[in-house]
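A short write-up of the structure that comes next.
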Amino acid sequence: MKRDPADHTETMTLRRRGIYLLPNLFTTAALFAGFYSVVAAMDGNFQKAAIAIFVAMAMDGLDGRIARLTSTESDFGKEYDSMSDMVSFGLAPALVVYAWGVSKLAEYGWLWGRLGWLVAFFYAVCAALRLARYNAHIGVVGKRFFEGLPSPSAAAMVAAMVWLATSYEVTGLLAFAIGFSITALAAALMVSSLNYYSGKDFNLGGRIPFAYLLVIPAVFMLISIDPPLVLFLLALGYSLSGPVVTVVRRRRRRKDIQRRRAA
């Protein structure tokens with residue numbers, strides 16, 4: 001008995017309407033971590049709020065790789081991941097830093113309170129612009145470098161800063177002013193045109209020297225010594241790597257142009 005082609009078309013349509021479960025579970029976990037971060041900050045648990053953002057980073061890093069490894073990439077997954085990133089790395093850090101410092105800044109005058117509020121909003125806007133630009137440039141720019149600081153890295157710097165200040169009980173007008181300056185810097189770097197190494201060309205299935213395996217436990221050992229301090233320094237170092245990478249790449253381009261003209 002021959003099968004009706006219409007039935008086959010209907011089956012294919014139903015399959016296309018479905019979504020892949022595994023990668024979207026990790027995206028949902030990242031979204032939940034971002035939501036929990038906001039709730040924890042509202043309750044005054046800033047350490048838990050900061051840790052939740054790092055958990056969201058881990059989940060966000062896994063969903064894309066799992067989708068590629070299992071060939072379950074989809075347009076739905078990309079859109080869902082982008083919305084999750086806006087919550088976890090856009091709104092959550094802005095609201096965490098708002099709850100951490102704005103209410104206390106208001107004690108030093110209404111101007112400081114308004115300034116802190118605007119910085120938190122500025123961060124959220126820049127995160128949204130960064131994600132929108134990234135979605136619009138998919139398939140246009142190279143995969144080796146990001147244009148502008150990735151929103152997870154910016155969120156890591158802000159979260160680690162709040163975690164560090166809370167752990168060491170750093171307070172006072174100067175501390176809050178520095179904290180909001182770091183938040184503004186992270187926001188500005190997100191919408192900049194600086195180049196940041198993406199790491200997407202790193203082959204997990206490739207061979208590496210045996211000694212390189214020691215780097216992984218060394219990093220975890222270093223983080224375990226003082227998590228908020230080490231994570232903040234790592235995030236800050238990556239954030240500052242953008243200007244360095246951009247300058248190096250521009251110099252190489254100029255040298256290449258000069259060589260071509262000389263030839």
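The values are calculated or read from the model by the stated rules, or taken from the named source; none is laboratory data. Fair warning: this is a prediction, and the values are worked out from it, not measured in the lab. Neighbour counts are summed over all protein chains in view; Cβ atoms, including those assigned to glycine, are modelled from backbone coordinates with ideal geometry.
Of all residues in the stretch 20-36, count the ones that are touching a Leu at 6+ places or on another chain (Cβ under 8 Å) and more than 14 Å from F89 (Cβ to Cβ). Qualifying residue count for the region: 1.
The helices (runs of 4 or more DSSP H) located wholly in the stretch 154-263 that include 2 or more residues which are closer than 30 Å to L129 by Cβ, modelled with pLDDT of 85 or more and not small (G, A, S) occupy 173-190, 227-262.
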